Every structure is written in C-alpha cells, then in structure tokens.
Ligand SMILES: NC(=O)c1ccc[n+]([C@@H]2O[C@H](COP(=O)([O-])OP(=O)(O)OC[C@H]3O[C@@H](n4cnc5c(N)ncnc54)[C@H](OP(=O)(O)O)[C@@H]3O)[C@@H](O)[C@H]2O)c1
C-alpha cells in the first residue's frame, strides 16, 4: 500500500480529497494542515525523517498555498514564503525522502491576451504577485523534485471554505441585485472533480503508468464571472437579479487575466479523464450542499 501525505488538508481541495479518499483503498492517506505541518518551516520538513520510520511516504499532494489574490499584492513576503520558498523546500526534500510530488497551480500565470484556450506550452506572463509566485513555484517543483505532476487549475470552488459560489449564494439571499464582472472569461472548477482527477493520477502510479509533468485541468466549458454568478443564482432558485459590470467598475488591487481558459487535451489524453461541464458540476456541488435536490 502506498502512503499519500496531503498538505494544506483543511483547504477546499484538501477537504475534497478527504471526502473521496475512502474510495481508494490502495492508498493510506495522512491529511495534515498547518497545525500539524507548516510547509514554510524547515524544521517540519526535517521531521519527515522520523515520520518515515513509521510510514514510507510515497506521495506528497500539496494543497497548501497562499491563495488570496488581492492581499498578496501587499503581503508579498508571506505569499512568496508559501508559494515559492516552501515549495522549493518540498521539492528538495523529495530526493532525501524519496516521495513524488503532486502540486497545484493556477490559470493566473497567464496574461489573458489569448483568444484560444491556453496549453501547457504557452508562455506565461503573470499579472499579479499571486500569479508570479505560483509560476515560480511551479518551475521549482518541475525542475527540482524527484518526480512531479503540476496541475494548473482555475476558479476553484467547493462545499468547503470561502469561494465565489458561496459568496454569490450569500449575497443572492441578502440583496435584490448583484453586480458581477462580465469581461473576465475562464472556466470554473469544482474541487470535487479536481480531487477525482488527482486520485486518478495517483492510481496510474500504482499501475506503473504515471506520466509526470505539467498539466491543465478545469471543468469543460467557458463563461464569465457574470455567467457563473447568473447560473449559481438560477440553479439555487434565488430571486436576486445578476447584472453585468466591467472590471473597471469593481474595485480590485490585483490585475487578473481577461481570458484564462485552459486547454485540457494533454491531461485527457494522458489519463483518459472524462471531464464534466461546469454547469453540471455546479449542480453536483449545490446538491452536496443541500441547496438543491440531486
Ligand atoms: N481557489 C481558487 O480559486 C484557485 C484557483 C486556481 C488555483 N488554485 C490553487 O489550488 C490549490 C488549492 O487551493 P484551495 O482553494 O483549496 O486553497 P485554500 O482553500 O486557501 O486552502 C489552502 C490551505 O493551505 C493551508 N495553509 C496556509 N498556510 C499554510 C502553511 N504554512 N502550511 C501548511 N498549510 C498552510 C490553509 O490554512 P489556513 O486557511 O488556516 O491558512 C488552507 O487550509 C492552491 O495551490 C491554489 O493556488 C486555487
């Protein structure tokens, strides 16, 4: 049996992995958040020496990250500590302890000047500090780890923590009108689907079929944040009206790409994944939250 250590386990993706882990009996999972294992502390990485005496860790799935795009512009050092320096430590320790790395990244590494979905080979040009640190972290993982998969995803939401869907549900219940930007286009990703894809990748390793490298994963389809909000309100059956506004009308410190749709051909071919459309996955999430019936 292989052992998988999930770091940042109380975040959206970490909890989504916990929810489906029991369906994967070929693995023993350890779910640790920063109280158990702070990825920025060298001393915590060092304790893996003792952990290894009990468990041989085969994989680290890193769900820990600095994810607040707005605050990252002012909390630059904290963001860099988590998204770059800690990730570099993880990659370097992978050789000493012999674990493979699955790391998660973002569509915000791109500048949004494209009109076609971004492939893994397209050049990056992050517009925000968050995007910059994530891009640097990705390369640390790919260049320095023993063996790694880096998954770039976009617009993540789930039943857990804070996210766009939950904000729209709250505001949609409180207000008659919601104003949401209509000129930033991408694809929402249900963290439950991303967790499923991650476990498919780990399962491929059990069969000796792992294909390491950089991949893009989001749900299928394309929408603006306005479309996304509109669909949340519609599916939840809330009476609030959703109105489109332009990016300039919404106060934000960080710049975001206009267009950040990810091309998923590579991951579909490598791992035979069937990816749900974002509107279907939204329905799954709302049903799991008990907001609509299955
Ligand atoms: N959210 C999105 O829209 C989005 C979009 C594209 C890509 N991504 C990427 O997807 C991945 C997962 O995102 P997510 O939304 O699941 O993130 P999240 O909900 O913010 O979870 C991150 C987790 O990491 C923990 N953490 C923070 N500092 C830590 C430390 N020093 N050591 C260990 N754990 C620490 C956090 O704990 P606290 O909450 O207590 O700080 C939290 O439990 C990230 O790599 C993110 O960059 C996210």
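The values are calculated or read from the model by the stated rules, or taken from the named source; none is laboratory data. Values in this document were obtained by computation on a predicted structure and should not be read as measured data. Heads up, the Cβs are rebuilt from the backbone with ideal geometry, glycines too, and the neighbour counts pull from every protein chain shown.
A compact table of results
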| item | result |
| --- | --- |
| Evaluation of residue 205 against (1) crowded, with 17+ Cβ neighbours inside 10 Å; (2) without any contact (Cβ under 8 Å) to a residue 60 or more places away in the chain; (3) under 24 Å from residue 63 (Cβ atoms) (one fails), failing number | (2) |
| Residue among 108, 97, 93, 115 that alone is surrounded by 24 or more Cβ atoms within 10 Å (Cβ to Cβ) and in contact (Cβ under 8 Å) with a residue 24 or more places away in the chain | 108 |
| Answer from 86, 65 - the residue that is outside any helix (DSSP H, G or I), within 8 Å of the ligand (Cβ to nearest atom) and in contact (Cβ under 8 Å) with a residue 12 or more places away in the chain | 65 |
| Matching residues in the range 273-290 - criterion: being part of a loop (DSSP other than H, G, I, E, B) and either more than 19 Å from residue 195 (Cβ to Cβ) or without any contact (Cβ under 8 Å) to a residue 60 or more places away in the chain (or both) | 274, 290 |
| Residues located in the range 32-55, provided they are outside any helix (DSSP H, G or I), over 26 Å from the mean Cα position of the chain (by Cα) and under 21 Å from residue 148 (Cα atoms) | 55 |
| Residue identified as crowded, with 18+ Cβ neighbours inside 10 Å and under 26 Å from residue 133 (Cβ atoms) among 250, 217 | 217 |
| Candidates 168, 146, filtered to the one that is modelled with pLDDT of 95 or more and not in a helix (DSSP H, G or I) | 146 |
| Set 176, 220: member being within 15 Å of residue 274 (Cα to Cα), touching a strand residue (DSSP E or B) at 6+ places or on another chain (Cβ under 8 Å) and away from the ligand (no atom under 16 Å from the Cβ) | 220 |
| Pick from the range 6-22, criterion more than 17 Å from residue 55 (Cβ to Cβ), more than 12 Å from the ligand (Cβ to nearest atom) and touching a residue at least 60 places away in the same chain (Cβ under 8 Å), ranking: surrounded by the most Cβ atoms within 10 Å (Cβ to Cβ) | 19 |
| Scan of the range 257-272 for residues that are buried (at least 20 other Cβ atoms within 10 Å of the Cβ) and assigned to a loop (DSSP other than H, G, I, E, B), ordered by number | 257, 260, 261, 264 |
| Candidates 53, 71 - the one that is free of Cβ contacts under 8 Å to residues at least 12 places away in the same chain and more than 13 Å from the ligand (Cβ to nearest atom) | 53 |
